[in-house]
Structures are given as structure tokens and as C-alpha cells.
Amino acid sequence: MGKKTSITGSELAVMNILWETGSSVPTKEIVRKLQAEKDWDRSTIRTLLKRLVEKGVVIQEKHKTYQYKAAVSRNNFTKEQTRGLIDKLYRGSARELVVFLVDSRELTEEDLQELRAYLMEEK
């Protein structure tokens with residue numbers, strides 16, 4: 001994923017299914033899961049899959065039926081998106097993001113304790 005890939009919220013719902021499965025998933029399984037979660041039409045889901053393939057973040061394979069798998073790991077995608085957020089909103093400073101989260105009371109006391117412990121670990 002050389003350049004930043006933009007994923008919509010709906011496309012992210014599809015990616016989450018692929019990441020959770022960790023292997024190739026038949027179209028009918030993706031449709032079944034998303035219809036249960038989102039009540040989306042089959043054609044909507046197929047359109048989302050087509051877009052994700054075009055963006056290069058999903059691989060389409062033809063077996064007896066079409067199957068899809070993530071072409072990028074959740075971890076790499078999350079890193080890329082987080083870096084983009086930090087660059088865009090916090091002038092490239094991860095520190096400013098953390099300060100914002102602490103100042104805005106978005107972190108619970110438990111979150112803060114875990115963060116302190118993490119920062120104190122030897123790296």
C-alpha cells in the first residue's frame with residue numbers, strides 16, 4: 001500500500017469480515033454476514049467488493065464461485081490510516097494526538113494506567 005488508500009465506512013465493514021476470517025471468503029458468506037449485520041442488498045455488497053478490488057485492498061479469486069481475501073493486513077491498514085490522521089489533524093505529531101485524547105477526557109483512568117505502563121516498558 002504505497003499511497004494512502006481511502007476506504008469508506010461501508011467498505012470497512014466488508015474489510016472487517018475479511019480480516020476476521022483471515023482467508024478467502026465466498027461471496028455468499030460475505031453477503032450472509034453483511035445482510036445479518038447491516039440488512040444490505042446483495043447488489044450493494046457486490047459493488048463494495050468491486051470497489052475494494054479496484055482499490056487493490058482486496059483480491060478476487062475465481063474457484064467454483066468468486067472468493068475474496070484482504071490484500072492488506074488490518075495492522076498495516078490501521079497504521080496507514082492513523083499516520084494520515086496524525087498528519088492531517090495534528091501536524092504530524094503523535095504527541096499532539098495523545099494530548100488531545102487526555103485533555104478531552106476520551107481516555108478512561110484504566111486507559112491512562114495502561115498507557116503509563118506501556119510507556120515505562122523497556123523498548
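No lab work stands behind these numbers, since they all come straight from the coordinates. Computed from a predicted structure; not experimentally measured. FYI the Cβ positions are ideal-geometry reconstructions off the backbone, even for glycines, and counts take in every protein chain you see.
Taking the chain as the reference, fit the longest principal axis to its C-alpha atoms, fit the long axis of helix 74-89 to the helix C-alpha atoms, and give the angle between the two in degrees, 0 to 90, nearest 10.
It is inclined by approximately 50 degrees.
Provide SER104, SER24 in ascending order of the number of other Cβ atoms located within 10 Å of each residue's Cβ, fewest first. Provide the component values of the computation, followed by the final result.
Numbers: SER104 8, SER24 16.
Lowest count first: SER104, SER24.
Order by neighbour count: ASP111, ASP103, fewest other Cβ atoms within 10 Å first, most last. Numbers along the way, then the final one.
Numbers: ASP111 12, ASP103 9.
If I rank by nearby Cβ atoms, fewest first, I get ASP103, ASP111.
How long is the gain from GLU110 to SER43 if the chain were fully straight, where each residue apart is worth 0.36 nm and the alpha carbon distance is subtracted?
19.8 nm
What is the sum of charges, Lys and Arg at +1 and Asp and Glu at -1, for the other residues whose Cβ falls under 14 Å from the Cβ of ILE30?
Details: positive: LYS28, ARG32, LYS33, LYS38, ARG42, ARG46, LYS50, ARG51, LYS69; negative: GLU11, GLU20, GLU29, GLU37, ASP41, GLU61.
That works out to +3.
Can you give the FRET efficiency to the nearest 0.05 for LEU12 and LYS64, using r as the Cβ-Cβ distance and R₀ = 35 Å?
On the way: r = 28 Å, r/R0 = 0.80.
Once the sixth-power term is evaluated, E becomes 0.80.
Please check: in the Gaussian network model of the chain (C-alpha springs, under 10 Å), which one of GLU80, GLU109, GLU61 has the largest mean-square fluctuation.
GLU109
Which distance in nm do the two modelled labels at ARG51 and ARG95 give, with both placed 7 Å along the Cα-to-Cβ direction?
For the pair ARG51/ARG95, the computed spacing is 3.8 nm.
Of (1) 54; (2) 63; (3) 68, which one was derived for percent of Cα pairs over 16 Å apart from the structure shown?
(3)
Check the straight Cα-Cα distances from LYS50 and name the aspartates and glutamates below 15 Å, setting aside those fewer than 8 residues away within the same chain.
Partners found: GLU11, ASP41, GLU61.
Based only on other Cβ atoms within 10 Å, what is the fewest-to-most ordering of ILE59, ILE7? Intermediate results must be reported in sequence, preceding the final value.
On the way: ILE59 15, ILE7 19.
Ranked by crowding around the Cβ, least crowded first: ILE59, ILE7.
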